[in-house]
Each structure stands twice: as structure tokens, then as C-alpha cells.
1. Please find, within the range 106-162, the residue that is surrounded by the most Cβ atoms within 10 Å (Cβ to Cβ) out of those that are polar (S, T, N, Q) and within 26 Å of G226 (Cβ to Cβ).
2. Of I104, I115, which residue is in contact with a helix residue (DSSP H, G or I) (Cβ under 8 Å, 6 or more places away or on another chain) and either under 28 Å from F158 (Cβ atoms) or at pLDDT 90 or above (or both)?
3. Restricting to the range 56-109, count the residues that are more than 18 Å from the chain's Cα centre (by Cα), in a helix (DSSP H, G or I) and free of Cβ contacts under 8 Å to residues at least 24 places away in the same chain.
4. Looking only at residues in the range 210-237 that are closer than 20 Å to A276 by Cα and of a type in the set (D, E, K, R), which one is nearest to the chain's Cα centre (by Cα)?
5. Hey, among A172, A165, which residue is buried (at least 22 other Cβ atoms within 10 Å of the Cβ), in a helix (DSSP H, G or I) and touching a Gly at 6+ places or on another chain (Cβ under 9 Å)?
6. Which one is modelled with the highest pLDDT among residues in the range 3-18 that are of a type in the set (G, A, S) and loosely packed, with under 10 Cβ neighbours inside 10 Å?
7. Would you pick out the residues in the range 24-55 that are at pLDDT below 90, under 19 Å from L273 (Cβ atoms) and in a helix (DSSP H, G or I)?
8. What is the one condition in (1) within 19 Å of the chain's Cα centre (by Cα); (2) surrounded by fewer than 22 Cβ atoms within 10 Å (Cβ to Cβ); (3) modelled with pLDDT under 90 that W243 does not satisfy?
Amino acid sequence: MRDTFKAMTFPAVLAVFLLFAGMLFVYFTNAMPAFHRFGIDVYLKNVWRASEEPSEELYGVAAAIWGSVYTSLIAIAIALPLSVSYSVFVVDYAPKWLKNPLIIISDIMAGLPTIIYGLWGALVLVPFLREHVMKPLYEHLSFIPLFSYPPTTGYSYFSAGVLLAIMVTPFASAIIREAYSMVPFTYREAVYALGATRFEATKILIGYIRPAIVSGTILAFGRAIGETVAVSLVIGNTFNMTWQLFAPGYTVSSLIANQFGNAFIYEYMTPVLYAAGLALFLIGLAVNLLGLRILGRWEENVKA
């Protein structure tokens, strides 16, 4: 029976692997002209000079790669504590009449089209952050390099990171909430039997669901780094490469969305966009492998 089940499921596993390999092959082969023309500089330089004369074209997507990683890290830094806190509150602290509405609202937020977030971010969130967060921080803490860029428009890495955090929090919290709610009741009883306070018990139980937190973080990072429309509306779409939170920037996804429509006019722009997509693909793969490594080490420690 076991061999039969393995034989039935193997084609699905093989199909997923072939799909993965096929995507990687397509990106790599289409990016080859860019690698032949620019070499590794396509990832190391921050330049975007389109020209109808191929010999004058010059591209480098370092700023876009930096923007994708930077905004995603900002989003994770905000979303992870929010997701854990939200999950713990819903499971342990929220009154019964409030639990279901909170879960429903979170699920609805996860299913909203990204353009809804993008329009709200551009028209509401960015002006709010500029007036009530960025300007006060710039006026009082501009001597710190992180806050030294003047928030003229508000469209910036910071705005994109905050919007992404709002978008990915429902995804991460769904995984963490389900794992936290499934912690065996006997474990909770054992913690309280040892004399732990409610806060101490929560800390111990959160440690028990560490794999779910790692999984939620990976999912949130993958969702954030690949977001396109919403980020394009709030990041400013400028080839900047800086740590300054209030500076406008670019991401790989927004670069592809903005340039792909007219890329066919130029000889090397399309291959460069494929090269940028390949970089995003490999970053996502590396993050997932790192997450699997962390989970593997956790399982080894548990078994030991």
C-alpha cells in the first residue's frame, strides 16, 4: 500500500520539480544576452540608460535589488512582532465575542487585491506617515543617517516597508495563530503548574511554536519581496541606493512592472529585466533554504 501511494504521488512531485527547473531555465536563458553584454556588473552597478543604439545602452539593477531586500526587511521587522502579538492576543486574551471577528478581518485583509492596498497607501498612508512620522523624525533626529533624508513627498523605502508590513501581517499571523492554538492543553497546564505567570507561560509557549514563526516569516518575506503594484505606488521609483529610510527607491518587481511594456524597443532591456527577475528568484530560494536550515537545526536540538 505504501509503495502504491508513493508511486501515485511521485508524478506530482516530479511535476513540481520540473516546473521549478523550467522557470529557472527560462529566466537564465533569456538573461544570457545581458550577462554577455554587461557581465556581473548588471547586478553591481546602479545605472539605467536606455538607448535605441544598442552600443549606448547601459543597465545595472543594484538599486532595485537593494530596494527589494531593504523594503522587505523593514516589512518583516514591523510585521513579525505584530503577527506574534496578534496571534497570542486572539488565542489567549481576546474575549470570545471578539475572536471570530478578529480572525475574519485578518482573513479578509489577506485576500484583498494588492491594488486596494496600493491606492490606500498612496492616498492615505503616505501623507499620514510624511506628516506624523517622517517629518518629526527628520526635524528631531536628522543627525542620525537613517533619518537624514528630507521627506519631501513621503514616497520612500519607509512608506513601502510599512505598507508591505500591513499586507504581509495577515499571512504570517494566520500560520502563527493556528500553530499557537494547537499547542496541547497539557503543556499549558504544565507551565502554570510550575508557577509561571501568564506572561511567562506565553513566552514559553511561543518558544514551542518557533518552527511556525520561522515559516510565517519566510512566507511574509516572500510575499513582501515579490509585491509589485502596491510598492510601485508608494516607493517613489527612483534609482537610489541608500540606507536613508525617507529616500525614494526602486524594487525589482516595480522596475519590471514599469519598464517591461516598452522594453521591446531596446535590444538589452528585456534581458536585463529577466536578469533582475532571476536575482529575485535566487534571493527567494536562498531565504527558503535558510529557513529550512533553521528548522532542521531546531528539530535536531529537540531530538537531542
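The values are calculated or read from the model by the stated rules, or taken from the named source; none is laboratory data. Because the structure is predicted, anything quoted here is derived from the model rather than measured. Neighbour counts run over all protein chains shown; Cβ positions are idealised from the backbone, glycine included.
1. S159
2. I115
3. Result for the range 56-109: 14.
4. Of everything passing the filter in the range 210-237, R223 is nearest to the chain's Cα centre (by Cα).
5. A172
6. Residue satisfying both the conditions and the ranking: A12.
7. Selection gives L24, P54.
8. So the condition that W243 fails would be (3).
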